[in-house]
Structure formats: C-alpha cells, structure tokens
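The values are calculated or read from the model by the stated rules, or taken from the named source; none is laboratory data. From a predicted model like this one, the values you see are computed outputs, not experimental measurements. Side chains included, ligands, DNA and RNA excluded: accessible areas come from the protein's heavy atoms. Shrake-Rupley method; radii C 1.70, N 1.55, O 1.52, S 1.80 Å.
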Amino acid sequence: GIETSFDWRTGPWAAHVSYPYSHSRNRFGEINQGEWFPSRHDSPHDLNINLTWNFSDGWISGMNFGYKSGQPVSMALTGYDREDDPFNIGGQIGSPPLIWDRRNNYRLPDYHRLDLFVTRHGMNVSNLKMDATFSVINVYNRLNVFAVNNTTEFWHSTSGEQITVIPSYRFLSQLPILPMINLRIRKP
C-alpha cells in the first residue's frame, strides 16, 4: 500500500487530509482451493478530511469526513437440508449447512460519514473555565453497515416433499444522525 497526507494552515483555517491505498490478501492451501482472497482487513480506500475554522475569538468550528471501502465478508450462496433433522428442531446439529463459493466473496457497502461541530472556548463561570461544544454526528444520516446477521429460510414445495434452504442476511447499521452537547469544565 501507499499513504499520502497533507496538512495546510492559513490564518484561521486548518486542514488535514490523509489517504492510504492498500490491499491485504491471504492464501492457505485448505481454504478457497488455495487461491488468494481478500483478508478481513482489506480496505483499498480510506480517506479522512478534517477542516477547522477559528472564526472569532474563542470560537472554532469544523468538520470531519471519513470514507472507507466496504469490509470483505463471506456470504453463502445456498444451503441444503439434512435428513436426520430437516427443520433443525433438535438443536444438536446447529443451523443447516450452507454452501460457500469463496472466502470473503462479498464486500459490505462503503462506509462514509460527515460530522460537524462548533466549540466555544474559555467561558468563565463561578471561577471555572468551560468549553462548550455542539456537534452533529452523521449529518446526512447515512446508515453505514457494521455487522451482518446470517439467518436461514426454508421454502417448501406445494407437494410438501421438496424443501429449499436459502441463506438470508440482515445488515445492522450505526445510529442515525446524532446531535450532541459536550461541556468541559476545568479549574482556571
């Protein structure tokens, strides 16, 4: 991989931009027919932008933006039923066996998020110094996926003889837009 970084300051403005581009691959003889596959930590793109503006004495505002390639995950293509426990009622066997094409054969959607903040520094209240920050996390309400739950669905034929096992996935995402107030109190 390669990483680039850029810092810039002029007057009340400051910016930091970083962008690493990298790949991480694995290969094991007994996994994926011995072929290379993306590791769990393979993330080709990872962009971070931080911008701040000191727009008045004691006031600062800014933004943080992050973009990251989706994480590789293994998703089953199909599944099959077992004769000894076709509906997994016994619970001893576990979930129905699933059929995998390749290891880490799918990528989660790309992650990106914008956060904004405004901070008032150096307020004096009862011999204490205070800093107050109002921030909005995930400004444009992006539902970034951070986990996948695997479930299995059973489909029965009309005659009742044929059972099809279909893997199903539920994507879990981060919290939606989140406004926050932070108060920092310190002795003068």
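Through the Karplus equation 6.51 cos²θ - 1.76 cosθ + 1.60, θ set to phi - 60°, convert the phi angles of the stretch 27-36 into ³J(HN,Hα) values in whole Hz; use x for Gly and Pro.
Along the stretch 27-36, the couplings run 8, 9, x, 8, 10, 6, 6, x, 8, 5 Hz.
Taking a ≥ b ≥ c as the square roots of the eigenvalues of the Cα gyration tensor of the stretch 1-72, is the shape rounded (a/c under 1.5), prolate (a/b larger than b/c) or oblate? All intermediate terms of the calculation are to be shown ahead of the outcome.
On the way: a/c = 7.36, a/b = 3.66, b/c = 2.01.
Taking the square roots of the gyration eigenvalues as a ≥ b ≥ c, the stretch 1-72 is prolate.
Keeping every protein chain in place, order L116, L183, L47 by accessible area at 1.4 Å, biggest value first, i.e. largest first.
On the way: L116 75, L183 95, L47 45 Å².
Result of the area sort, largest leading: L183, L116, L47.
Please work out how much accessible surface H16 shows to a 1.4 Å probe, ignoring ligands, DNA and RNA, in Å² rounded to 10.
50 Å²
Starting from the amide H of S173, placed 1.01 Å from N in the peptide plane, find each other amide H under 5 Å away whose residue is 5 or more places distant or on another chain.
Hits under the 5 Å cutoff: F146.
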